[in-house]
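A short write-up of the structure that comes next.
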Amino acid sequence: MAFSALGLSAELLRAVAAQGYARPTPIQSQAIPAVLSRRDILAGAQTGTGKTAAFTLPMLQLLSESTGQHHLPRSLVLTPTRELAAQVGESVSTYGRHLPLRSMQIFGGVGMGPQLAQLRRGVDIIVATPGRLLDHAGQHNVDLSTIELLVLDEADRMLDMGFIHDIRRIVNLLPRERQNLLFSATYSREIEQLAKGLLNHPQRIEVAPRNTAAETVKQLMYSVAKEQKRALLSHLIRCGDWQQVLVFTRTKHGANRLAQQLERDGITAAAIHGNKSQGARTRALADFKRGAVRTLVATDIAARGLDIDRLPQVVNFELPHVPEDYVHRIGRTGRAGAEGTAISLVCADERALLVGIEKLLERRIKCEVVTGLENDGATTVALRSNERRPNPEHVQRKKHARTQSSNRDRAARDAASRHRGRGSRTANSGNKRSPGI
Ligand code: AMP
């Protein structure tokens, strides 16, 4: 299917062509016509599927056609993080560059003044994180009663981050009559509940099976002692000549420490996490994107929604506690059809976490055991051997087969004993029937 078959205006098709997109991604070919026909949408799509354009393009088209008053807020996109708000905001500007619409981003960590000034000048589209938007609403800086279209982007993340009450408060400020689009990478009971209260006969769109890692991502793990992880990481980056690698740690402190250690190993690195100022986070991301730093070390929350084109390597320096976070992390690579590798460094006390992840993925991650690291002077060499571990899917199947066969055995035993029972009863009754014989 071509973009021109989706009913988008010439201005939007021009902007899409300038991005070099050959054809719509599956989420785009399903969502764009549905949004244009003013349906509510419940879409299961991870980052990397092209979901931003899937809601931004039809949103821009509807706004440019709408008879509503120009430069009053008519579309509101809510995102869980500042970074995602900035990225969605950029996409809105990029795709809408030939349209006379104004958009702005509202998020915390920066001054209210410039945002207020933009609001006063007038704006058609607001891309915002919930907290700062409520601050502006509380100070009567923004009137949301003219919103016609609401988008909740990465709704599962927003719930994980405790934004449910903020979302409800914002929804109460919107007119009842409006179109709603909800995008979520995973479904939970809470998401279903939110969708039920918010969406009106939504069209459900599912582009990737739930909770599965992007198919283009090659996954690998190294079983390694905790104290050797850092040396192994430096070795992998140097030997593989990785120029752009996103590394996940569990804590902010761990992210800082690792970035410093990598720098000491001669590998340029920056850390990005919630304790860093917005300016420092934006700078680190920009440096990473333009290749000024090779390694970006991030915590889960800071990395949410980061869109870095064709990111080739993701490393889990530590496994996440929540298996779904593994899927989100590795979704940063292999985006929109590009190849990528996700490598996890797993030490003995993370085995239980690995089991949880493999269960969720319903597959085993290929493992290489690092038996030691030797320093041969110039380079550190990793000694490896392949480890054989049972595939959880096979274990599950075998278990199922065992249960089935033991059920069959039990059923056969029961049948046999029933038969024997019947036989002896028959014999008895036969005896009863022929007492006189
Ligand atoms: P998203 O899932 O919205 O974060 O998008 C992931 C990446 O895919 C972004 O870098 C987009 O620029 C890119 N992208 C979006 N739509 C297309 C398309 N139709 N063809 C190729 N790349 C795309």
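The values are calculated or read from the model by the stated rules, or taken from the named source; none is laboratory data. Because the structure is predicted, anything quoted here is derived from the model rather than measured. For neighbour counting, all protein chains shown are included, and Cβ atoms are generated from backbone atoms with ideal geometry for every residue, glycine included. These accessible areas exclude ligands, DNA and RNA; they are computed on the full protein's heavy atoms, side chains included. Shrake-Rupley method; radii C 1.70, N 1.55, O 1.52, S 1.80 Å.
May I ask for the equivalent-ellipsoid semi-axes of region 3-206, computed as the square root of five times each C-alpha gyration tensor eigenvalue and listed largest first in whole Å?
Details: eigenvalues 111, 87, 48 Å².
For region 3-206, the ellipsoid semi-axes come out as 24, 21, 15 Å.
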Karplus-derived 3J(HN,Hα) from phi for region 152-160 (6.51 cos²θ - 1.76 cosθ + 1.60, θ = phi - 60°), whole Hz, x at Gly and Pro, runs 9, 9, 6, 4, 4, 5, 4, 5, 4
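Calculate, for region 3-206, the solvent-accessible area per residue in square angstrom, rolling a 1.4 angstrom probe over the heavy atoms of the protein chains. List each step's numbers first, then the result.
Working: 8460 Å² over 204 residues.
For region 3-206, the per-residue accessible area is 41 Å².
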For V322, V123, the accessible-area ranking with a 1.4 Å probe, largest leading, is V322, V123
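In whole percent, how big is the carbon plus sulfur part of the accessible area of region 1-121, probe 1.4 Å, protein atoms only? Walk me through the intermediate numbers first.
On the way: 2430 of 4810 Å².
Summing carbon and sulfur atoms, their accessible area is 50 percent of the total for region 1-121.
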Residue-ordered couplings for region 86-103, obtained by feeding phi - 60° into the Karplus form 6.51 cos²θ - 1.76 cosθ + 1.60 and rounding to whole Hz (Gly and Pro as x), are 5, 5, 5, x, 5, 4, 4, 5, 5, 6, x, 5, 9, 10, x, 10, 10, 10
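So if we plug the beta-carbon distance of D265 and D349 into 1/(1 + (r/R0)^6) with R0 = 22 Å, what FRET efficiency do we get, rounded to 0.05? All intermediate terms of the calculation are to be shown ahead of the outcome.
Working: r = 24 Å, r/R0 = 1.11.
Efficiency, from the Cβ-Cβ distance: 0.35.
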In nm, the gap between the two label points placed 7 Å beyond Cα toward Cβ at L116 and A10 is 4.3
Expressed in angstrom and rounded, the centroid-to-centroid distance over alpha carbons for region 258-303 and region 1-69 is 33
Once amide hydrogens are built 1.01 Å from N within the peptide plane, the residues lying 5 or more places from V297 or on another chain with amide H under 5 Å from its amide H are V247, A270, A271, I272
Given backbone amide H placed at 1.01 Å from N, residues whose amide H is under 5 Å from that of A45, ignoring those fewer than 5 places away on the same chain, are S184, A185
Of region 1-35, those with amide N under 14 Å from the point 7 Å along the Cα→Cβ vector of E65 are 5-13, 32-35
For the pair R363 and L220, the simple spin-label estimate (label points 7 Å beyond Cα toward Cβ) gives in nm 1.6
The correct ranking of H136, H201 by accessible area at 1.4 Å, largest first, is H201, H136
Phi-derived 3J(HN,Hα) across region 104-119 with the Karplus relation (6.51, -1.76, 1.60, θ = phi - 60°), rounded Hz, x for Gly and Pro, is 8, 10, 10, 8, x, x, 10, x, 6, x, x, 5, 4, 4, 5, 4
